[in-house]
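The block underneath contains the structure these notes are about, expressed in structure tokens.
FYI, it's all coordinate maths here, none of it is from the lab. Note that the structure is predicted; figures quoted are calculated from it, not measured. Cβ placement follows ideal geometry from the backbone for every residue including glycine, while neighbour counts extend to all protein chains displayed.
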């Protein structure tokens with residue numbers, strides 16, 4: 001075999017190996033998500049303490065207590081070193097963030113796996129009872145000459161589309 005063919009074969013093998021690793025990682029993540037979904041918030045916070053201590057040790061930094069309580073995470077945080085912009089750029093910080101994403105996936109209402117769509121907030125839910133009063137409120141708002149925010153414009157478009165569907 002020529003050197004070129006061996007190089008191409010090695011690249012192909014490396015890509016296949018990487019792809020198999022991604023698939024295995026995805027399956028392992030699904031298993032972990034299922035296990036974490038069964039835990040209570042207090043149990044998840046206990047696991048979070050272990051994760052914080054582990055990644056702080058990996059980064060060679062200490063652990064400190066939060067100044068303010070967090071709704072989900074434990075009271076301990078790694079004492080990350082920040083750059084000139086005030087950002088943490090240590091790989092262990094990203095690893096902790098990914099781990100917390102799996103641990104607290106259910107509480108954050110995040111998609112459980114890649115490819116799933118996030119639940120979108122499409123604004124207020126218009127029904128027949130509240131559609132007409134909302135439209136009249138929008139008309140008054142526009143006629144008064146007040147500035148309309150982007151969110152209000154979205155609501156107006158949504159209401160107008162619903163009205164068009166009724167016609």
Check: Given 10 °C and 1.306 mPa s, how large is the Stokes-Einstein diffusion coefficient of region 1-91 in µm²/s, with Rh as the Kirkwood radius over Cα pairs?
Finding: 94
Check: Going by how many other Cβ atoms sit within 10 Å of their own, how do 104, 138 line up, fewest first?
Finding: 138, 104
Checklist line | Estimated FRET transfer efficiency (residue 149, residue 15; beta-carbon r; R0 45 Å; 0.05) | finding: 0.40
Item checked: Projected label distance in nm at residue 5 and residue 83, using a 7 Å step from Cα toward the beta-carbon -> 4.6
